[in-house]
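Asks: I am attaching a structure below and will ask some questions about it afterwards.
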Amino acid sequence: VQLVESGGGLVQAGGSLRLSCAPSVSIFSFNAMGWYRQAPGKQRELVAAIISGGSTNYADSVKGRFIISRDNAKNAMYLQMNSLKPEDTAVYFCNADSVRLKANYWGQGTQVTVSS
């Protein structure tokens, strides 16, 4: 199983980016999916998560600015990031958890850099 992320890049503070995560298997294989990030010298942290029923959860630092969603028809998960801040700079990772496959998967990461 592979998770392929895209959409990272360089943006000015206050700008927006949308990250995409495309799994190599049906998105219905996963009961939960999420986005994590890791800044230099810091631990990886949960940014946002979405479960198969549609419930979402966000880190306090991104509430009101980021939106996580999944499109079952396109077999993809997204992270819409608005009002970006320099402190959002990190490598962002897609994560997917499957009870059926009894496994947890990570993407390769995509760099997001926010300039001040």
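Asks: With the checklist (1) at pLDDT 95 or above; (2) under 22 Å from Val99 (Cα atoms) in hand, flag the one item Gly15 doesn't pass.
Replies: Among (1) at pLDDT 95 or above; (2) under 22 Å from Val99 (Cα atoms), the lone unmet condition for Gly15 is (2).
Asks: For the stretch 8-113, which fully contained strands (runs of 3 or more DSSP E) count at least 1 residues that are in contact (Cβ under 8 Å) with a residue 12 or more places away in the chain, open to solvent by less than 60 Å² (accessible area, probe 1.4 Å) and hydroxyl-bearing (Ser, Thr, Tyr)?
Replies: Correct list: 17-23, 66-71, 76-81, 90-98, 103-106.
Asks: A further question follows. Quick one: in the stretch 10-38, of everything that is in contact with a strand residue (DSSP E or B) (Cβ under 9 Å, 6 or more places away or on another chain) and of a type in the set (Ser, Thr, Tyr), which residue is nearest to Tyr92 (Cα to Cα)?
Replies: So the residue we want is Tyr36.
The values are calculated or read from the model by the stated rules, or taken from the named source; none is laboratory data. What you are looking at is a predicted structure, and each value in this text was computed from that prediction instead of being measured. Virtual Cβ from ideal backbone geometry, glycine too; neighbours counted across all protein chains shown. Keep in mind that these areas ignore ligands, DNA and RNA; they rest on the heavy atoms of the full protein, side chains included. Shrake-Rupley method; radii C 1.70, N 1.55, O 1.52, S 1.80 Å.
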